[in-house]
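Below is one structure; the comments refer to it alone.
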Amino acid sequence: MRSQPNTFVADRSFCAIGCSSQALPRKQYKQMSNHGLANSLRSEQRSIAGMMAELATPTPSLSLRSAAALAQVCRGIITGEGPTVAGRVHFSRSIDAEDAALCTRILILAGRTGHPVSRAEADALFDINAVAADRRDGGRFDDLLAKAVVHHVMAACGNGVPNRDVALAPTTELSAWASAIEINTEVKAWLENRISGISRTGAAARAITNSISGLKLPKELTVDNVFAMAA
């Protein structure tokens, strides 16, 4: 089916059709529900300025609010409508450079206190990746996805990582800060599950697996078995 631009159709507005299971694949919608973010795909959409203002106040729930903002970006990508794509022609299920830049802004603003990329934020990026079939961003989102996922994995395994404004910057190479670590069983299981949904030939899959291949995996596991898409 051919993608459609973000023109408004009165009898099929976003609120009329909903955006839960109809717009987001069931697996990805379940992930959003697990983090309590499913309402971000149904509720009234905030302006970009509103989202940023909300993220400007440090709170214990900042990473969840960041993930909710990413969920709204996901919603705009799915429908091609809404505040995150306003002012430009945007086709449904496509991602452009402005979408990728907005995701980067959200993550960097949410991490200004020094917190690494959270599981909820990483899951939200994987969900965006899953619905964005048409790439018009010059590879910027794949670059961000790879960096954010490795940032989360390293931190979740107890290792130090650079601040987000450095690690996630388009001008910073992933290889400049990613390093070999011992990955624990829980993180490995999550990563194996999420990375299996990435195209085996995609730039993000290759960047993630190339970084993870240097990790000290459990003896019963091989890189080839877990990250077959790197082959």
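Cβ crowding within 10 Å, taken as a proxy for footprinting-reagent exposure, orders Glu186, Glu121, Glu54, Glu192 from fewest neighbours to most as Glu186, Glu192, Glu54, Glu121. Its Cα gyration tensor gives the range 88-150 an equivalent ellipsoid. The semi-axes, each the square root of 5 times an eigenvalue, are 21, 12, 9 Å from largest down. Sorting the segments 80-87, 205-212 by their residues' average number of neighbouring beta-carbon atoms within 10 angstrom, most packed first, yields 205-212, 80-87.
Computed from the coordinates by the stated procedures, all read-outs in this text should not be read as laboratory data. Note that the structure is predicted; figures quoted are calculated from it, not measured. We place every Cβ from the backbone using ideal geometry, glycine too, and count neighbours over all the protein chains shown.
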